[in-house]
Amino acid sequence: MKDIEKLRDLKKATLEGGGEEAIKKQHQKGKLTARERIDILLDKDSFVEFDRFMVHRCSNFGMEDKKILGDGVITGWGKIDGRQVYVFAQDFTVFGGSLGEAFAEKICKIMDLALKNGKPVIGLNDSGGARIQEGVVSLAGYAEIFYRNVQSSGVIPQISAILGPCAGGAVYSPAITDFVFMVENTSHMFITGPDVVKAVTGEEISFDDLGGADTHASISGVTHFKYPSEEECLNQVRYLMSFLPSNNLDDPPHFETNDPVDRDVSILNDIVPENPNRPYDMLDIITEISDNNEFFEVHESYAKNMIVGFGRLNGHAVGIVANQPKELAGTLDINASLKGARFVRFCDAFNIPLVTFVDVPGFLPGKAQEHGGIITHGAKLLYAYAEATVPKITVITRKAYGGAYDVMCSKHIRADINYAWPGAEIAVMGTQGAVSIIFRKELSNDISQKDKLVEEYKEKFANPYVAAERGYVDDIIEPSETRKRLIEALEMTKTKRVERPKRKHGNIPL
């Protein structure tokens, strides 16, 4: 039938995007096409496309003669490891991936469907920005997307992969989503590009230095993950989804594991140096206790004194937060506090239990930190832990000093179970500083007493038993017991329920 032949011809035309020449240029830049990206991201033959015949309605600047089916964005749903997700992929081969009215409507439609059906949204971004020919209609389209990002926040997971340019107002949608992925050398995000920066400030800067993957992964913290290729980036998006529930009413996926609950982790008995000033790698502890030594680190290159990421314990996904003693001695600073707070709030929103490893000598001192607002930013981490109602298990491996002890998921902000290793030190501050303050007068007369006084203070406070006497620590455990005890604690708390006072929302110190 002619009608069927016409349909088939039109469907074939939608697969061509901006045409062979535009696709060739895309490949020459080291970039995949929108459809190639979807094929990598989703399970084979699972993609169901919507609105492939939509076109723009613009009649300005000769645009009425330039209509391409799909209008520069591919939308629909498919599956990742058999689980449903909604996807949009911006097509740079069509009008440079620029966003206009129809383009935005397509994205909004699948965002609405995702929210109604309680399924994640994954956005593959590769766009030159707002379609100038459509004027304010383009800006309205962005705002409609932003609004939906906010309404979906904490209800369904939202993932953004930046696979080309993402500039101007376009950056705000990824910024609201839960996780941002970028590709080295080909991904860029910025409010204003290098040319505008030079015109306004006189500063010359390259695309990569201004808004490349390395910049946003290590300096700004805008992106959570960066990878050398699109294929690896998209495969890691798939991997992330294996830890996440489909929505805030579901539990995260459970995977059967052959890793025994009581697997030997006796190597942990010797992992913390006897010298309290010597560093060690907290990642060694995290990977040792996790199922099959598997840990998916988030924000790996940003605020390295704090570790956050996903692991599994007896097949159940957990969010792990930890101080990193080999970076800035594991102190909490502005960036570490922001990194930790954001991650804790995500896990709480999506029913992912929190496991916290503590080795923190305090907040990082200094004028730059104080003037930068460490008081407000540090309070964000405290707020995030205190408002979280998921199971919260804390292990103090070595130091837990001062206000940082309180902030790092202490019993007092309602951790469910708190363990300490036998060498843990829980105190207001380190022994040297404490003795210098408490015995200021005595030491001014006889400095030779200091070593004796330090030893006495250590005996009294540089151990976990004082806290255990008061119930601030539920048990002091051997490091080799950690994996088993964590799994037991998570099993015990899996039916946890917490009632909160009725309110519209809290006022986190932003």
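The values are calculated or read from the model by the stated rules, or taken from the named source; none is laboratory data. Nothing here was measured: the structure is a model prediction, and the numbers come from that model. Cβ placement follows ideal geometry from the backbone for every residue including glycine, while neighbour counts extend to all protein chains displayed. These area figures cover heavy atoms from the full protein model, side chains too; ligands, DNA and RNA do not enter into them. Shrake-Rupley method; radii C 1.70, N 1.55, O 1.52, S 1.80 Å.
Using all pairs of distinct alpha-carbon atoms, the Kirkwood hydrodynamic radius of region 108-265 works out to 17.3 angstrom. Note that region 32-134 carries a Kirkwood radius of 13.9 Å, evaluated over its alpha carbons pair by pair. Of the solvent-accessible surface of region 68-220, computed with a 1.4 Å probe and all protein chains present, 58% belongs to carbon and sulfur.
For region 401-466, the fraction of 1.4 Å probe accessible surface lying on carbon and sulfur atoms is 55 percent. Modelled spin-label separation between Phe207 and Ala368, with each label point placed 7 Å from Cα along the Cα-to-Cβ direction: 3.0 nm.
Mean sequence separation of contacting Cα pairs (under 8 Å, at least six apart), scaled by the length of region 26-179, corresponds to a relative contact order of 21 percent.
Note down the accessible area of Asp262, probe 1.4 Å, to the nearest 10 Å². Result for Asp262: roughly 110 Å² accessible. Taken over region 198-255, the ratio of Cα radius of gyration to 2.2 N^0.38 Å equals 1.67. With the biggest extent put first, the Cα atoms of region 313-413 measure 44, 26, 23 Å across the principal axes. Here the Debye sum runs over all C-alpha atoms of region 339-495 as equal scatterers in vacuum, and log10 of I(q)/I(0) at q = 0.13, 0.14, 0.21 Å⁻¹ comes out as -0.68, -0.76, -1.30. Calculated on C-alpha atoms, the gyration radius of region 35-77 divided by its Kirkwood radius gives an Rg/Rh of 1.13. Over the C-alpha trace of region 456-510, radius of gyration and Dmax come out as 17.7, 51 angstrom. Relative contact order, whole percent, for the chain stands at 9, derived from Cα pairs under 8 Å and 6 or more residues apart. Length, then width, then depth: along the principal axes, the Cα atoms of the chain run 97, 56, 46 Å. Over all pairs of different C-alpha atoms in region 236-284, the reciprocal of the mean inverse distance, the Kirkwood hydrodynamic radius, equals 14.8 Å.
Looking at region 395-465, the pairs of alpha carbons with a distance over 14 Å make up 62% of the total. Dimensions of region 1-44 based on its C-alpha atoms, expressed as ranges along the principal axes with the largest first, amount to 41, 28, 8 Å.
Using only the Cα atoms of region 296-366, each taken as one equal point scatterer with no solvent, compute I(q) by the Debye sum, divide by I(0), and report log10 of the ratio at q = 0.15, 0.21 Å⁻¹. Reported log10 I(q)/I(0), two decimals: -0.46, -0.84. Lys460: which lysines have alpha carbons under 20 Å from its alpha carbon, excluding same-chain residues fewer than 8 sequence positions away? Output for Lys460: Lys399, Lys450, Lys452. The percentage of C-alpha pairs in region 404-510 whose separation is greater than 23 Å is 49%. Mind checking the per residue accessible area of region 62-152 for me, 1.4 Å probe, whole number of Å²? Counting only protein heavy atoms, the per-residue value for region 62-152 is 36 Å². Helix content alone sets the calculated 222 nm mean residue ellipticity of the chain: runs of n ≥ 4 DSSP H residues at -39500 (n - 2.57) each, divided across all residues, give -10500 deg cm²/dmol.
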